[in-house]
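Just below is one structure, and these are the notes that go with it.
The values are calculated or read from the model by the stated rules, or taken from the named source; none is laboratory data. In this text the structure is predicted, and so the values were computed from the model without any measurement. Note that we place each Cβ from the backbone using ideal geometry, even for glycine, and neighbour counts take in every protein chain shown. Accessible surface areas use protein heavy atoms only, side chains included; no ligands, DNA or RNA. Shrake-Rupley method; radii C 1.70, N 1.55, O 1.52, S 1.80 Å.
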Amino acid sequence: MKIDTKKRLLREMLFARRFEERCYEAYVERNIGGFLHLYPGEEACAHGVLEAADADRDYVITSYRDHIHAIKWGADPRKVMAELYAKETGVSKGRGGSMHIFDVRNRFMGGYALVGGPFPLAAGIAKGIQMRGGDEISICFLGDAANNQGTFHESLNMAKLWNLPVLYVCENNHYGIGTRIDRSTAVVDQYKRVSGYDIPSHQEDGQDVELVYKAAMKAIRHVRSGKGPYFLELMTYRYRGHSMSDSNAYRAKAEERMWSKRDPVIMLRDRLIDEGNMTADDFKDMDTEILDYIENEVIAFAEQSPEPHISEVERYVLAENDPWVRGGGAP
Amino acid sequence: MTEIMFWEAVRRAHDEELAHDKMVIVMGEDVGVVGGTYKATLGLYDKYGQERIIDTPISENGYTGLGIGASFLGVRPIIEIMSVNFAWLAMDQLFNTAAKVRYMSGGQLEAPIVVRSPGGIAHQLGSQHSARMEKVFMGIAGLRVVTPSNPRQAYGMLKSAVRCNDPVFINEHELMYNMKGEVPEEEYFHPLEGSEVARQGRDVTLFGYNISVHWCLEAAELLSKNHGVEAEVIDLFTLSPLDREGIRNSVTKTHRAVIVEEAEPAVGVGAEVMAILNEECFFELDTAPVRVSALNVPIPYNHAMEKTALPDANDVVEAVRRMFGV
Ligand SMILES: Cc1ncc(C[n+]2csc(CCOP(=O)(O)OP(=O)(O)O)c2C)c(N)n1
Ligand SMILES: [Mg+2]
């Protein structure tokens, strides 16, 4: 990986970390409501995979833990924060919230709150790509516990059967809320579970963005070349509770310490410093710049934006003035 | 006008829409090689190929979700769920995704899918093949629900539903596929909102939908012949949104209302129409409205018991006689 790319990825991942930490504060300040699921610890997954994909044509879909995937896929962080602040200027016009970030212009096809819901949607997006005849791919990020839904098996079966261009990325953070994977799942290695559908798969260290990138390049080459679906499992860890309402009391301190030593941001920073491509001061400057930007641009934009007009609460339920509702013809 | 069977009308709509737009596809169990459990896609597999007439695995939630995802990219899927009893399994994707995605994305995405499914009580199919699920679908914001009572509606509704940008659920009836009726020879698009006056009358309004329209029409003839009561029959071909204006207009004329439904009474079409009567035209009513519904039981296999559980034209006649004291 080029040094410039590594430096940019470090900046993006540090931005992701700081963005999410600021969300935490905003939630405590009661500027963000509802459920809030944060991404610290897992940054290398979204960044490594999406760095290997094509931001000008590929499609991305994911779960409720969606802010960072959307931003990496082109969403304006100010508009993502405005969405969390429930503002009209938010990506989803304040109607979606944290779990429903949508940025369709950039082919970020949304965050969905039903565990396992996006599996078939991603396969459907791949079917749409196939019908239009392009070589774009559909990329679906979901958690480890989602693989116990029926949609996982139904979608893998159809994706293989119809040779659909879809990459399933499993962000295995070892927990579904408070239930550790070995207590919910008979086969703990998720990449093994897709062998029943004859889909190629790979398990990778999800804390090292370079390794994730390499594995994703291989996976994406496979999918884009028309060989059908691929399943990539990334071993990772979330540093905070499942959501803001989670006590996070169910994890052993030793386990948390072990994973904090494998912090994806710190690992990349140290590597760049060891290689002589960055100094500790460079990193500090980068961090200060990011923190300033988040405060002065991102938070300021969200705070200053207007709320949606209450009079529009019934808008977007159904299509507006769809002529076929009347049986066609002029309105 | 030509007389064709209900299934032929549905098949014709599929054929025309598939020919009109290359992005229209059909998905479902046995829709391809077999041509559909009720022949709704007969011969279309050979005509349009396996990429567009797709035999799916038995994964209702999976293929419904797949259709929704494809619709995000401009595909127009017509999804056949073999029997409405199996649609329970697809409700997650229908309700949580299709019905909500326009709203929660702030209008950025829409899911223009059509789901057709045969339901109702056929003959001795037992508890797990006799669901009437319209009451569940019509309660969900963001979803359109229509239900044809004849071949003309079945043909025209499917065509409009395919072109409409909202998700549309079409509730068909297993016993009606061989029913004959007139369908225009030229292309026809039926509205997805409203109701129709199936019979004019002045004394009482009988509200029906899908198969119960036919029980209402039969009852109206008996009432006219035997009891001198002229019933108006309103065909509620749209269950969501229900036609408040059509309901109000008819009862403002007749001042009496009977709602006839094949389903159990709780939380159903009858309950909803009664609520609308209260809200729209309470002071037009001469007497309390009445529901004629199925018994609140899982449908039994035994033929006599099955018949008892279900309303029919005689039950409608009895309800009206009680209302008039004749
Ligand atoms: C269908 C459904 N069941 C249960 C829930 C509640 N729930 C939300 S997230 C979650 C755990 C999911 O874990 P995983 O898929 O591993 O993703 P992670 O949150 O770890 O990223 C559960 C049980 C839900 N949202 N949807
Ligand atoms: Mg997890």
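The condition (being within 14 Å of chain B (Cβ to nearest Cβ), away from ligand 2 (no atom under 16 Å from the Cβ), open to solvent by 20 Å² or more (accessible area, probe 1.4 Å) and assigned to a loop (DSSP other than H, G, I, E, B)) is satisfied by just one residue among A:Gly74, A:Gly33, A:Gly90: A:Gly74. Of all the residues in the stretch A:99-111, those that are in contact with a strand residue (DSSP E or B) (Cβ under 9 Å, 6 or more places away or on another chain) and more than 7 Å from chain B (Cβ to nearest Cβ) number 7. From the list A:Gly150, A:Gly117, which one is under 30 Å from A:Glu314 (Cα atoms) and touching a helix residue (DSSP H, G or I) at 6+ places or on another chain (Cβ under 7 Å)? Only one candidate passes the filter, namely A:Gly117.
Just one of the listed residues (B:Asn165, B:Asn178) is farther than 18 Å from B:Val10 by Cβ, of a type in the set (S, T, N, Q) and outside any strand (DSSP E or B), and it is B:Asn165. Checking each residue in the stretch B:94-149 for being of a type in the set (Asp, Glu) and open to solvent by less than 30 Å² (accessible area, probe 1.4 Å) picks out only B:Glu134. Restricting to the stretch A:46-71, what's the tally of residues that are in a loop (DSSP other than H, G, I, E, B), farther than 11 Å from A:Gly111 by Cβ and in contact with a strand residue (DSSP E or B) (Cβ under 7 Å, 6 or more places away or on another chain)? Selection size over the stretch A:46-71: 2. Against the definition (within 16 Å of ligand 1 (Cβ to nearest atom) and crowded, with 21+ Cβ neighbours inside 10 Å), how does A:Gln207 come out, yes or no? Against the criterion (within 16 Å of ligand 1 (Cβ to nearest atom) and crowded, with 21+ Cβ neighbours inside 10 Å), A:Gln207 qualifies. Within the stretch A:114-123, the residues that satisfy the criterion of being within 23 Å of A:Val91 (Cα to Cα) and facing chain B (nearest Cβ under 8 Å) are A:Leu114, A:Gly117, A:Phe119, A:Leu121, A:Ala122. Counting only residues that are surrounded by fewer than 24 Cβ atoms within 10 Å (Cβ to Cβ), near ligand 1 (Cβ under 8 Å from one of its atoms) and assigned to a helix (DSSP H, G or I), the stretch A:137-161 holds 2 of them. Which one is most open to solvent (accessible area, probe 1.4 Å) among residues in the stretch A:173-190 that are near ligand 2 (Cβ under 10 Å from one of its atoms) and over 15 Å from A:Leu142 (Cβ atoms)? My answer is A:Arg180. I'm told A:Cys170 meets every condition in (1) surrounded by 15 or more Cβ atoms within 10 Å (Cβ to Cβ); (2) outside any strand (DSSP E or B) except one. Can you identify the failing condition by its number? Just one mismatch for A:Cys170, condition (2). Within the stretch A:127-137, the set of residues being at the interface with another protein chain (Cβ under 8 Å from one of its Cβ atoms) and either within 25 Å of A:Asp189 (Cβ to Cβ) or of a type in the set (D, E, K, R) (or both) comprises A:Lys127, A:Arg132. Take the stretch A:108-119 and flag every residue that is within 13 Å of ligand 1 (Cβ to nearest atom) and either in contact (Cβ under 8 Å) with a residue 24 or more places away in the chain or aromatic (Phe, Trp, Tyr) (or both). Of everything in the stretch A:108-119, those that are within 13 Å of ligand 1 (Cβ to nearest atom) and either in contact (Cβ under 8 Å) with a residue 24 or more places away in the chain or aromatic (Phe, Trp, Tyr) (or both) turn out to be A:Gly111, A:Tyr112, A:Ala113, A:Val115, A:Gly116, A:Gly117, A:Pro118, A:Phe119. Do we find that B:Ala154 is in a helix (DSSP H, G or I), in contact with an Asp or Glu (Cβ under 6 Å, 6 or more places away or on another chain), at pLDDT 95 or above and open to solvent by less than 10 Å² (accessible area, probe 1.4 Å) in this structure? No, not satisfied. Looking only at the stretch A:156-172, residues that are within 16 Å of ligand 2 (Cβ to nearest atom) and hydrophobic (A, V, I, L, M, F, W, C) come to 2 in all. When only residues in the stretch A:125-155 that are free of Cβ contacts under 8 Å to residues at least 40 places away in the same chain and closer than 23 Å to A:Asp54 by Cβ count, which is nearest to ligand 2 (Cβ to nearest atom)? Applying the filter and picking the extreme gives A:Ser155.
State yes or no: is A:Gly96 in contact with a helix residue (DSSP H, G or I) (Cβ under 6 Å, 6 or more places away or on another chain), facing chain B (nearest Cβ under 7 Å), over 23 Å from A:Arg221 (Cβ atoms) and assigned to a loop (DSSP other than H, G, I, E, B)? So A:Gly96 passes the test.
A:Asp281 falls short on exactly one of the conditions (1) within 28 Å of B:Leu109 (Cα to Cα); (2) open to solvent by 90 Å² or more (accessible area, probe 1.4 Å); (3) of a type outside the set (S, T, N, Q), and that condition is (1). Here A:Val212 meets each of (1) assigned to a helix (DSSP H, G or I); (2) closer than 24 Å to B:Leu89 by Cα with one exception, condition (2).
On inspection, A:Arg57 does not qualify as at pLDDT 95 or above and crowded, with 22+ Cβ neighbours inside 10 Å. Here B:Ala220 meets each of (1) free of Cβ contacts under 8 Å to residues at least 60 places away in the same chain; (2) open to solvent by 50 Å² or more (accessible area, probe 1.4 Å); (3) closer than 21 Å to B:Ala294 by Cβ with one exception, condition (2).
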